[in-house]
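Just so it is clear, none of the values below were taken in a lab; they were calculated from the coordinates. Just so it is clear, the structure is predicted and the values come from calculations on it, not from any experiment. Cβ placement follows ideal geometry from the backbone for every residue including glycine, while neighbour counts extend to all protein chains displayed.
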Amino acid sequence: MKLKVDPEFKEVCKEIVNRELTIFQCELIESYDMFQTDNYNGGFDATESEFCFSYYDQNKREYWFQVSLSNIEKILTNDIEELEIRVADKK
């Protein structure tokens, strides 16, 4: 399933890039809820070495996706305009 990158998520990406952290530094401050907006919640996962997010649609259904630091930069340059998402597993 695809999700079009919206201005709300681009703001999260800008915040990540503005921190100017390396992957190693991200691993040291790993946090699952570092970024919280109306529709997105997430942070850096050291196991995955990527930023992991939940996205909540207008019906509050939860979806998951991951994005690398290099792809976050590509989102900001509009080289990536869609994200691959999946319905969250509820256990």
Counting only DSSP loop positions in the stretch 20-77, the chymotrypsin sites (Phe, Trp or Tyr not before Pro) whose Cβ has at most 15 other Cβ atoms within 10 Å are TYR32
Given that just one value was derived from the coordinates, which of (i) 3, 14, 21, 22, 19, 10, 7, 3, 2, 1, 0; (ii) 3, 14, 26, 28, 18, 9, 2, 0; (iii) 2, 13, 24, 23, 17, 8, 5, 4, 3, 1, 0 is P(r) over Cα pairs in 5 Å bins from 0, in percent?
(ii)
Give me the aspartates and glutamates in straight-line cross-link reach of LYS2: C-alpha distance below 18 Å, same-chain residues under 8 apart excluded.
ASP57, GLU62, ASP79, GLU81, GLU82, GLU84, ASP89
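Relative to the Cα centre, what is the charge dipole magnitude of the chain, using +1 at the beta carbon of each Lys and Arg, -1 at the beta carbon of each Asp and Glu, and rounding to the nearest 20 debye? Could the numbers behind the result be given before it?
Working: 11 positive and 20 negative charges, 59 e Å.
Taking the Cα centre of the chain as origin, the dipole is about 280 debye.
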Let me have the 222 nm mean residue ellipticity of the chain computed from DSSP H runs of 4+ only, each contributing -39500 (n - 2.57), with the sum over all residues rounded to the nearest 500.
-8000 deg cm²/dmol
